[in-house]
1. Roughly how many Å is it from the Cα centre of region 55-98 to that of region 153-174, as a whole number?
2. Please compute the per residue accessible area over region 72-134 with all protein chains in place, 1.4 Å probe, rounded to a whole number of Å².
3. Leaving ligands, DNA and RNA out of it, report the carbon-plus-sulfur percent of the accessible area of region 74-144 at a 1.4 Å probe.
4. Distance in nm between label sites at K114 and R93, each 7 Å beyond Cα in the beta-carbon direction?
5. Using r as the Cβ-Cβ distance of L33 and K71, and R0 as 35 Å, what FRET efficiency do you calculate, to the nearest 0.05?
6. Among L163, V111, H121, flag the residue with its Cα farthest along the positive direction of the charge dipole of region 69-175, charges on Cβ as +1 for Lys/Arg and -1 for Asp/Glu.
7. Taking only C-alpha pairs under 8 Å that are 6+ residues apart, what is the relative contact order of region 121-175 in percent?
8. By per-residue mean of other Cβ atoms within 10 Å, what is the highest-first order of 111-121, 44-54, 90-100, 151-161?
Amino acid sequence: KSLSPKTNERNIWVGAITNDNYTPHRPVLDNHLITMALEEWIAKPSTQRLVYVSLGSVLHNKIGLFNVILKGLENKYRVVVAAGDSLMRLRKRYSQNENVFLVRYAPQAAVLKKAHVFVTHCGMNSVNEAIKYSVPMVGIPLGNDQPRVATVVCEEYNMGIRLDCETLRSSDVER
């Protein structure tokens, strides 16, 4: 238990629910090959920092939001995007961009171990994993418990910055 530094509310944080060897069952043609290709891409030498973008597995079908985020990141950073159901539409625009690696679902723990920044919806599991691997967050909450989690993580504990998905501009993400 801890007291929130700004509101004096009691927060009960349960430890990270992570397992480095866990691979979720997802409807992907060959998850192992995709994971291998992703790991090879991440391992390529680069002077650019690695940013991981995941907006969760439930409320992630936000093609416009992904486009705004990618427009702000694609030229300055190497970006891994777990795009969920937006994957095919994003591939039409970003398949030729060598700085962007798109997957439906990523092995999140493995990517976070290498990432410099995590653009997240602030779902509790994602936040716990980012904390476990000491990855700063750009929180863009979409709904459910995410706004409260984003407030605690970004504003009260200063583990990242919070951006509003309704007013988000590419320049906000780029900085």
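1. Spelled out, the Cα-based centre of one part sits 17 Å from the other.
2. It amounts to 44 Å² per residue over region 72-134.
3. Carbon and sulfur: 45 percent of the exposed surface of region 74-144.
4. 2.5
5. 0.75
6. It is V111.
7. On the way: 59 pairs, mean separation 18.4, N = 55.
Worked out over region 121-175, it gives 33 percent.
8. On the way: 111-121: 21.5, 44-54: 16.4, 90-100: 13.6, 151-161: 18.0.
Going by the mean number of other Cβ atoms within 10 Å, highest first, we get 111-121, 151-161, 44-54, 90-100.
The values are calculated or read from the model by the stated rules, or taken from the named source; none is laboratory data. Note that the coordinates shown come from a computational prediction; the quantities given were computed from them, not determined experimentally. Cβ coordinates were reconstructed from backbone atoms using ideal geometry, including for glycine residues, and neighbour counts include every protein chain displayed. Heavy atoms of the whole protein, side chains included, go into the accessibility calculation; ligands, DNA and RNA do not. Shrake-Rupley method; radii C 1.70, N 1.55, O 1.52, S 1.80 Å.
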